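Note sheet for the following structure.
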Amino acid sequence: MNRKFIIILCIIMALSSAVYAEESTDVELGTPEYLTLEAVNDCFKIGWKNPMSNYAFQGVEYQIDFREGRGDWISAHRELPTGELPTIEAGRSYVTIDPMEEGLIDDSIDLDNNSYSFRIRYKYLKNGTSEYIYSNFSSPVLLGFQPLYQNASKWAFEELDKASEVGMIPEAIRQDMKKVITREEFSEVVIKLYELHTGITVNYEGQSFKDTNEPDVLKAAKLGIVKGVGDGNFSPKTPVTRQEMAVMLKRTLELMYPNMDFSYGKNISPTPESNIAEWAIHEVNFMREYDILMGDSNGLINPTEHTTREQAVVLTYRTYKKFK
């Protein structure tokens with residue numbers, strides 16, 4: 001093979017590599033992983049692991065998103081702090097950011113009374129274009145005062161705060177209030193309602209299920225608030241629907257107020273929805289009568305939809321407040 005041929009072959013290979021590199025920009029950027037966060041001299045030091053796939057890109061930048069307490073992420077209303085990817089140390093990047101200098105907070109860091117959350121994404125300018133591509137944001141990392149509950153919707157804050165004050169939010173659900181609540185978890189919520197009102201710790205001796213030994217499930221079953229699903233099982237991880245929640249709340253009220261009038265229809269017409277189970281019609285309409293179970297923008301209850309943890313706690317707190 002002569003020298004001239006070898007040179008031509010090398011040029012062809014180089015051009016092919018350049019074309020491949022240009023095409024590779026269409027590949028999605030990997031997401032930063034395994035974030036760490038610490039406070040150092042009124043600054044935050046953030047560390048993360050870089051996916052191996054991103055090393056194929058030249059000039060990748062990082063962007064920092066920030067949230068103070070339960071506020072909005074700053075990405076909702078302003079440009080994000082951006083910088084060149086720092087020198088990699090053992091596969092990780094580290095950045096120190098002054099939150100006051102960046103305009104993220106108005107006062108110095110207060111870890112005893114406030115919390116600070118960060119997440120990272122990558123930003124990359126496609127070769128030969130003015131178009132940026134972005135990775136997904138990493139999972140957030142939090143430092144400071146741990147809130148009484150996390151990942152809740154703004155509309156629920158006020159009632160969740162009050163529910164937490166009276167001890168109505170079980171520890172097991174505090175970390176993610178937007179998740180769908182299960183039969184086991186809602187049993188914990190309604191037992192807190194019952195015991196909070198009556199001051200009685202329920203004795204569940206003799207009550208059992210094959211698939212759970214959670215005390216609050218056994219308490220709720222002992223009181224008749226919840227039922228098994230057959231063959232000695234409870235199905236603790238099955239999500240709760242809105243009509244099931246209405247039934248369980250009304251059963252709890254009947255125990256708390258045995259002489260109460262549970263009729264309905266004085267202030268509201270029965271919901272016209274035809275998909276309410278026959279066994280739940282009275283309970284759903286009773287909860288509507290007392291403004292505990294609200295309809296959507298079209299006035300519909302959506303009885304077979306699953307319920308989130310925050311919705312379940314809020315409705316239970318409304319029940320507590322309405323009838324205490």
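The values are calculated or read from the model by the stated rules, or taken from the named source; none is laboratory data. All values derive from a computational prediction rather than experimental measurement. When we count neighbours, we look across all protein chains shown, and the Cβ atoms used for this are built from the backbone with ideal geometry, even at glycine.
Observations on the structure shown:
One line per residue, one yes/no per condition, for (1) over 23 Å from ASP211 (Cβ atoms); (2) not aliphatic (A, V, I, L, M):
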| position | (1), (2) |
| --- | --- |
| VAL229 | no, no |
| THR238 | no, yes |
| ASN259 | yes, yes |
| TRP279 | no, yes |
| LEU293 | yes, no |
| GLU305 | yes, yes |
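- From the list VAL229, VAL202, the lone residue that is over 17 Å from ARG318 (Cβ atoms), in contact with a Ser or Thr (Cβ under 7 Å, 6 or more places away or on another chain) and modelled with pLDDT under 95 is VAL229.
- Restricting region 193-205 to residues that are touching a residue at least 60 places away in the same chain (Cβ under 8 Å) and within 28 Å of the chain's Cα centre (by Cα) leaves a set whose member that is farthest from GLU244 (Cα to Cα) is LEU196.
- Residues that are touching a residue at least 24 places away in the same chain (Cβ under 8 Å), crowded, with 19+ Cβ neighbours inside 10 Å and closer than 15 Å to TYR264 by Cα within region 280-324 comprise ALA280, GLU283, VAL284, PHE286, MET287, ARG288, ILE292, LEU293, listed in sequence order.
Rundown of residues vs (1) in a loop (DSSP other than H, G, I, E, B); (2) surrounded by fewer than 16 Cβ atoms within 10 Å (Cβ to Cβ); (3) in contact (Cβ under 8 Å) with a residue 40 or more places away in the chain, yes/no style:
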site	(1), (2), (3)
LEU111	yes, yes, yes
LEU143	no, no, yes
GLY167	yes, yes, no
GLU185	no, no, yes
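- Near pairs, Cβ below 9 angstrom, 6+ apart or cross-chain, from region 256-270 (outside any loop (DSSP other than H, G, I, E, B)) to any residue that is at pLDDT 80 or above: MET256/LEU193; MET256/TYR194; MET256/HIS197; MET256/THR198; MET256/PHE323
- Scan of region 158-183 for residues that are under 17 Å from PRO215 (Cβ atoms) and modelled with pLDDT of 95 or more, ordered by number: THR182, ARG183
For (1) surrounded by fewer than 18 Cβ atoms within 10 Å (Cβ to Cβ); (2) in contact (Cβ under 8 Å) with a residue 12 or more places away in the chain; (3) under 30 Å from GLU273 (Cβ atoms); (4) in the same structural domain as TRP279 (by TED's automatic domain parsing), each residue gets a yes or a no:
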residue	(1), (2), (3), (4)
GLN207	yes, yes, no, yes
LEU218	no, yes, no, yes
LYS222	yes, yes, no, yes
GLU244	no, yes, yes, yes
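- Out of ARG119, ARG92, sole residue that is out of contact with any Gly (no Cβ under 6 Å at 6 or more places or on another chain), of a type in the set (D, E, K, R) and either surrounded by 13 or more Cβ atoms within 10 Å (Cβ to Cβ) or not assigned by TED's automatic domain parsing to the domain that holds CYS43 (or both): ARG119
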